[in-house]
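Worksheet for the structure shown next.
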Amino acid sequence: MKREIHYELNGNPVTQEVTPETLLLDAVRQWTTAPKEACGVGVCGACTVLVNDQPVSSCLYLAALVDGQTVWTADGLVQRFPRLAQSFVEHEGLQCGICTPGQFTAACALLLENPHPDEATIRHYMAGNLCRCTGYAAIVRSIHGAV
Ligand code: FES
Ligand code: FES
């Protein structure tokens, strides 16, 4: 059975019909293709979005739970964190780009929690976001470069 939910997505009000089983990833991808589905089981971090500025794996999170909440995806976060976005470009923190929305979103969550993380803190915090391409060093440099 469908129900209507209302939430804020990247600063804009959204009204959407969802079922109790609709995943947040599928819901937000009706508006933005930023979060990616890779593993689909909560392991890789490619689908990371922020709910009330907390990172969640949207492939495991029910859309109905964001009724009345705020959701941010990487394409909206680029506007909130332009320096971090620029640093990802300058330090070549992406290659194929599949993991990048999740990496960027997790990095934003880290900077919201700790605006001045050291390298060890960055590596620890980002451990849940997998990347097949960059070898991680460039991603860590990208985040460190924005601190
Ligand atoms: S697609 Fe959600 S954690 Fe991998
Ligand atoms: S840039 Fe390709 S998986 Fe990370």
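Values as computed for the structure displayed
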read-out: Value of [θ]222 nm, deg cm²/dmol, for the chain, DSSP H segments ≥ 4, -39500 (n - 2.57) each, nearest 500; value: -9500 deg cm²/dmol
read-out: At R0 = 41 Å, FRET efficiency that the Cβ-Cβ distance of ASP75 and MET1 yields, to 0.05; value: 0.85
read-out: Distance between modelled label sites at GLN86 and ASP67, nm, 7 Å Cα→Cβ extension; value: 4.2 nm
read-out: Residue-span extension gain [ALA120 to LEU60] - 0.36 nm each, minus C-alpha spacing; value: 18.8 nm
read-out: The chain: angle of helix 100-113 to the longest principal axis, Cα-based, in degrees nearest 10; value: 80 degrees
read-out: Segment 11-100 - convex hull of the alpha-carbon atoms, volume per residue in Å³; value: 94 Å³
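Rule-based calculations on the coordinates, nothing more; no lab input. All figures in this text were calculated on a predicted structure; none of them were measured in a lab. Note: ideal-geometry Cβ built from the backbone for every residue, glycine included; neighbour counts use all protein chains shown.
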